[in-house]
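All remarks here apply to the structure that follows.
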Amino acid sequence: MSNEKNISLKESATFDRSTMAEIRRAAETGIYDIRGFGAKRKLPHFDDLLFLGASMSRYPLEGYRETCNTSVVLGDRFAKKPITIETPVTIAGMSFGALSANAKEALGRGASIVGTSTTTGDGGMTPEERGQSSKLVYQYLPSRYGMNPDDLRKADAIEVVLGQGAKPGGGGMLLGQKITDRVAQMRNLPKGIDQRSACRHPDWTGPDDLAIKIQEIREITDWQVPIYIKIGATRTYYDVKLAVKAGADVIVVDGMQGGTAATQDVFIEHVGIPTMAAIPQAVQALQEMGMHRKVQLIVSGGIRNGADVAKCMALGADAVAIGTAALVALGCNDPKWDDEYKAIGSAAGYYDDYQDGKDPAGISTQDPELSKRLDPVAAGRRLANYLRVLTLEAQTLARACGKNDLRNLEPEDLVALTVESAAMARVPLAGTTWVPGQKY
Amino acid sequence: MKTFDLAVSTVREFNQALHDEKNIVTEKEWAATNPKGMHNIAVGLDADIAVDIHGHAGYFCAGMNKTAAVTIHGNAGQGVAENMMSGVVRVKGDASQAAGATAHGGLLVIEGNAGARCGISMKGVDIVVKGSIGHMSCFMGQSGSLVVCGDAGEALGDSLYEVHIYVKGTVKSLGADCIEKEMREEHIAELTGLLEKAGFDEDPSAFKRYGSARQLYTFKVDNASAY
Ligand SMILES: Cc1cc2nc3c(=O)[nH]c(=O)nc-3n(C[C@H](O)[C@H](O)[C@H](O)COP(=O)(O)O)c2cc1C
């Protein structure tokens, strides 16, 4: 790269090379960029928060001898059969279609080993994922692809999807390359078309209608299983209040870092609010309604390690969900495929063209040859290992803060490194008592 | 015949009775009186039974129906027979919006008119309406047939996939990618069968057929104005 050699060349911060490349791409193709993955820009995130471990004024717990509970009951507000997860890290909804059948099976296997749940996606429930997932959440999406009452009754919980953090206000997409015979048949669509999912539910509009819709689902399932509502983080305070009012047992808030299988880049990068900013809004809404911990809050969008998990819980979440990190644990973007990533114009660590269906790792593809590369048993074990690490890391931090349950972590255990993260997370700037925006 | 008076029993009790296997093997005929616009009546049925609802039903009546025959002797609220899989749902009066939304199979007959978004996102159901239908009907319809003996509102069949639409009266406007198509013999045969099943005495040759131009099936720059 010439400017690294010649320091007199100055790259524009406004028109950097990536920006210019996008202008050229747009000029050549005349169509917006569609890609997978989540927001790639730098956003205020959990790295900007730190824990205050115990010392004189707080009492820590012994790392190995004293227990720190990680299990959580989800959906005991109305459902006869709430779900108990052994670790508060769940697997987010990712469709068969976007992902290969082997990848879906691997997610089910990994989650089941550690006693947590997986989630279907836009496209219906496959027998493979039902078979391999001890706890399966069935998504009820605007498209209603593959939606049927038999699967509804087979589910351990039902998640009504209003939106996703990567594209609040937008519907799903699955481009023709991935609409194989099986995917087409499950979605009742012609093979090979560029499928656009609806962004709104077809048979209800506002929150009052949603309350009736939720009641319908409860009636169909005889009030057995919990009903979640998933929202993309935007006006989270109001949306959470409305979701509680509509009758949700569990609310899933997905921040703008959240991954996607295929969305316009402009949407991924410019709509929604960061996960960290959404949690305090959601918790405030729940607390004001006297529903915090009664309606459980699951948070997703950019969760990578046990520190992120613990920080979400400290801010008031009951559990988290992961998408991208789970795919990476299975083998997505693995350097061992670098040559093949390069051959399709990407590189290991950068690959985001999930929509193309050419994933060398065999995960975001419907190509039978590529899919075969992913061994669902081995990949499932990798995911289980990773989930265990997240749990152990979160426990380590909780014990250091003197907590015998991850859910005993509290905002008071946190400080912020930057003014903006202090304002968004509503915790003090480190070394001060200052929470921007809060009155004293 | 087992009858529930919904002025006395709850919708929950009625639905639970219709779901309980021991009930539905012995009793094939069920009825509800005094529905008074209550929501979610007779949803999630999965049995070869007949259910008569005497009065007006609220939202999502007969939602997700499988195999059962549900008749509403009155009007139906929003989303009647939504996501139906099989069986027959008949509305003697008018149906509100989103009738038969996303339904995968079976037959929905509306003897009156249907509101907006009739057959929205339908996935294999057959819908036959004696009267007229509202705007945005069959939006993103994927498969099945929609028969309208009266008129259709604005933007019929917008972003349509493979539904066969037959309308006898006028169509206020067609949605993106929906066009009038030639009525061939096989279509006359299909329409004749549907009208017969619905029990409507209409002349199939008086109908026009509409379907997808299939121009929006793949992203093309030239179609940018339609996206
Ligand atoms: C490949 C892929 C497919 C997805 N498919 C769906 C889907 O079908 N329905 C849905 O609600 N969310 C879907 N999502 C979003 C996830 O459920 C989740 O909200 C998001 O991945 C969380 O953020 P993270 O990826 O940073 O962990 C998908 C995400 C990915 C990466």
Q.
Once each part is reduced to its C-alpha centroid, what is the distance from the range A:76-131 to the range B:36-99 in angstrom?
A. 32
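Roughly speaking, what is the stretch gain from A:Asn408 to A:Arg25, that is 0.36 nm per residue apart minus the C-alpha to C-alpha distance, in nm to one decimal? List each step's numbers first, then the result.
On the way: separation 383, 0.36 × 383 = 137.88 nm, distance 4.96 nm.
Computed gain between A:Asn408 and A:Arg25 is 132.9 nm.
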Q) What residue among B:Lys130, B:Lys172, B:Lys208 shows peak mean-square fluctuation when chain B is described by a Gaussian network model with Cα springs under 10 Å? A) B:Lys172
(Q) What three numbers, in Å, describe the spread of the alpha carbons of the range B:60-153 along their principal axes, ordered from the longest? (A) 30, 29, 19
(Q) So if I place +1 on the C-beta of Lys and Arg and -1 on the C-beta of Asp and Glu, and nothing else carries charge, what would the dipole magnitude of the range B:97-226 be about its Cα centre? I want it in debye, nearest 20. (A) 320
Q. Once phi is turned into θ = phi - 60°, what whole-Hz ³J(HN,Hα) does the Karplus curve with 6.51, -1.76 and 1.60 give for every residue of the range A:136-141, x standing for Gly and Pro?
A. 10, 9, 9, 7, 10, 10
Q.
Based only on other Cβ atoms within 10 Å, what is the fewest-to-most ordering of A:Ser8, A:Ser55, A:Ser197?
A. A:Ser8, A:Ser55, A:Ser197
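Evaluate the charge dipole of the protein assembly as shown about its Cα centre and quote only its size in Debye, nearest 20, assuming +1 on the Cβ of each Lys and Arg and -1 on the Cβ of each Asp and Glu. Could you put the intermediate results ahead of the total?
Numbers: 71 positive and 81 negative charges, 239 e Å.
Roughly 1140 debye, rounded to the nearest 20.
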**Q.** Estimated FRET transfer efficiency (A:Arg304, A:Lys154; beta-carbon r; R0 45 Å; 0.05)
**A.** 0.90
Q | Among A:Asn188, A:Asn404, A:Asn102, residue whose mean-square fluctuation peaks in a GNM of chain A (springs only between Cα atoms under 10 Å) | A | A:Asn188
Q: Have a look at B:Asn75, B:Asn83, B:Asn23 and tell me which one the Gaussian network model of chain B (Cα, springs below 10 Å) gives the largest fluctuation.
A: B:Asn23
Q | Base-10 log of normalised Debye intensity for the protein assembly as shown (one unit scatterer per alpha-carbon) at q = 0.07, 0.09, 0.12 Å⁻¹ | A | -0.49, -0.79, -1.28
Q.
What distance in nm lies between label points placed 7 Å from Cα along the C-beta direction at A:Ser57 and A:Ser12?
A. 5.1
**Q.** Over the range B:97-226, relative contact order from alpha-carbon pairs under 8 Å, at least 6 apart, %
**A.** 18
(Q) If I take every Cα pair under 8 Å that is 6 or more residues apart in chain A, average their sequence separation and divide by the length, what percent do I get for the relative contact order? (A) 23
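Working out 0.36 nm times the residue gap between A:Val266 and A:Lys439, then minus their Cα-Cα distance, what length gain in nm do you get to one decimal?
Length difference between fully extended and current span is 58.7 nm.
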(Q) Taking amide H atoms as placed 1.01 Å from N in the peptide plane, list the residues 5 or more away in sequence, or in a different chain, whose amide H sits under 5 Å from that of A:Ala166. (A) A:Gly258
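Using a Förster radius of 25 Å, what is the FRET efficiency between A:Val389 and A:Thr84 based on their Cβ-Cβ separation? Nearest 0.05, please.
Numbers: r = 21 Å, r/R0 = 0.85.
Computed FRET efficiency for A:Val389 and A:Thr84 comes out at 0.70.
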**Q.** Spin-label model distance (nm) - B:Glu13 vs A:Lys40, 7 Å beyond Cα toward Cβ
**A.** 6.1
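In percent, how large is the relative contact order of the range A:387-440, given Cα pairs closer than 8 Å and 6 or more residues apart? Walk me through the numbers before you get to the answer.
Values: 45 pairs, mean separation 10.7, N = 54.
Relative CO of the range A:387-440 lands at 20 percent.
Computed from the coordinates by the stated procedures, all read-outs in this text should not be read as laboratory data. Just so it is clear, the structure is predicted and the values come from calculations on it, not from any experiment. Methodologically, a virtual Cβ is constructed for each residue, glycine included, from the backbone with ideal geometry; neighbour enumeration extends over all protein chains shown.
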